[in-house]
Structures are given as C-alpha cells and as structure tokens.
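Down below is the structure, laid out as structure tokens.
Quick note: the coordinates plus some simple rules give every number you see, no bench work behind them. Everything numeric in this text was worked out from a predicted model, so none of it was measured. Every residue, glycine as well, gets a Cβ built from its backbone with ideal geometry; the counts of neighbours run over all protein chains shown.
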Amino acid sequence: MLDYKLRLVSILIVLTVLVIGCLVLDYFHLRRRPWRPGLYLGILGIAGAVFLTSNAVLPTSLFYGAVVYQGPSVEKLVALTYDDGPNPPYTLQILDILDKYSVKATFFLVGENVRTYPEVARTIVQRGHQVGNHTFHHEDLLKLNRTQMDKEIDATTELIEAATGVSPKVFRPPHGFRDLVVLEQAQERNLRVIQWSVMPRDWKKPGAEVIAERVVRQVHNGAIILMHDGDGLNHGGDRSQSVTATELVIQRLQQQGYRFVTIDELLASNR
Ligand SMILES: [Zn+2]
C-alpha cells in the first residue's frame, strides 16, 4: 500500500497515525499541566489531511502539479467535453447535434467502453472530434498502485489507437482525482491532464433545462465544460438529459457569440 513516492493515501495513513499519537500524548500530558501541545499538533495533522485531500479532488487546484482547467480568456471560445463514452445511443445522438450546429467537441473515452463499441469511437474521430484517455475501468486512481495505473492508461490508449487510428494527447483522471504520482504517470506519457471550469452536474439528471441553465450561468471565455455521454462502465446508462441539454447549451451560447472548439484548438488559441 505504501508507495515510496508520496501517494496521497500513504500520507493520509501517516497523518492518521500521527494524529492518534498526538491525541494519546495530549491525554497523558493533560494530567500534569494545562498546555496541550499534543492536541494542537493533532489538529494541525487533521487540517493537513483535509488540505491535501481537497487539493486532490478540486478540479482547478494546481497544488500537485500542472493541470489544465480552462483555456486562454482572450476570445469567446469554449470547449465542450464528454466523459465516460462511447455509450450508444447517447454518444451518437450528441454527435448528430454537434454536426447540426457545426460544433467540435472532445470525448474522454473509457477503455472498456471503447472495447465494447469501437465503431462508435471511430465515428467520433471521423466526424472531426478530439478523443482523450479516461482510463480503462474508470477507477479512482488515488486507490491504485503504479502497475495498476500503468495498465489503466496504456490499455486505453492502445484500444483508442486501434479503434480510431488516433493516439490521445489528453487525459482526464476519473472524477478529476489526482496526486503527484497520477500526474507523473500522465507526464511520462506526454498526456496533458485536462480538468474543467464549468460543471453542470449533468450526471445527477436534474433535467435538461437545469443543466443548460447551469452552463450558461457559469460560462466564461476559455471555459472547459464537463458533460457526460456515458456513465462509468454502465452500458446504455441514460444520458438523454445531457443530449437535450447539449442542444440548448449550443443554441444559447452561440447566440451570445461563443464558438465551440476542441481542447487542442482551445489551448492553441493564444499562440
Ligand atoms: Zn468519468
């Protein structure tokens, strides 16, 4: 479980032991004098654990290293991103809407789903969209060791290459969770880690109108919008609200003068 290179899990285990030790110390120390260094150290340990964990899960944190959560803000450009596909029929329905409005998007594909629906993955690329790696089993990478992580990323890249002929250059860890080692794994493979700045929580299915409203409310120049055409490994998981919301979002943002681009185009836009 313990990894020599500061995995978040390892640090949290050490901090837990430390905090328990401090509290025991506090208990015995308290009998002799009112000053409570054990308690103060224990509280510091808990605060440290909260800090480290929140930076691993917050999409926009740069604490563990460079991630991209938005693009340059000079132009009215936004990037729609879809996670967890391919997942027919929803992926294909989204592709039809994107075509209807001449919009290009980015799809972060789950390896297992590419293996099941390689032809859908191929269609995404054939219609001019970008694809990224979203791991093989959509597992929380903070819980995996390096060998397991290697497999999750490499098997997915291989499947995407075989299905689409394209090698992904971008990577999104499941739920956006990462620590030093997750980012190092991505860097070793020249994969840019892409998070998001606009999150309408479409996976909770609050209704297409609510999803669209949330996007329109949060949008900004250079926004990376997180949506879902899939649902983890759940084949056929219902994403009809995300499909309907996609059309509403495109209509409303195009009306406001926004242009939709892939992640690559968004990041190249300031050059
Ligand atoms: Zn996901």
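Here are some notes:
- Neighbourhood net charge (15 Å Cβ-Cβ; Lys/Arg +1, Asp/Glu -1) for residue 154: -3
- Cα shape, segment 48-105, gyration tensor, a/c 1.5 rule: oblate
- Top positive-direction residue, dipole computed over the chain with Cβ charges, set 49, 191, 251: 49
- Between the Cα long axis of helix 208-218 and the first principal axis of the chain there is an angle of about 70°, rounded to the nearest 10.
- Relative to the longest principal axis of the Cα atoms of the chain, helix 146-164 runs at roughly 0 degrees.
- Only one residue of 224, 10, 203 has its Cα farthest out toward the positive end of the dipole of the chain, where Lys and Arg carry +1 and Asp and Glu -1 on Cβ, and that residue is 10.
- Among the lysines of the chain, pairs at least eight places apart or on separate chains and with Cα atoms under 21 Å apart come to 7.
- Value of relative contact order over the chain, rounded to a whole percent, pairs C-alpha under 8 Å and six or more apart: 27 percent
- Value of [θ]222 nm, deg cm²/dmol, for the chain, DSSP H segments ≥ 4, -39500 (n - 2.57) each, nearest 500: -15500 deg cm²/dmol
- Compactness of the chain, taken as the C-alpha radius of gyration over 2.2 N^0.38 Å, stands at 1.15.
- In the elastic network of the chain, a GNM with C-alpha springs shorter than 10 Å, the most mobile of 231, 202, 99 is 99.
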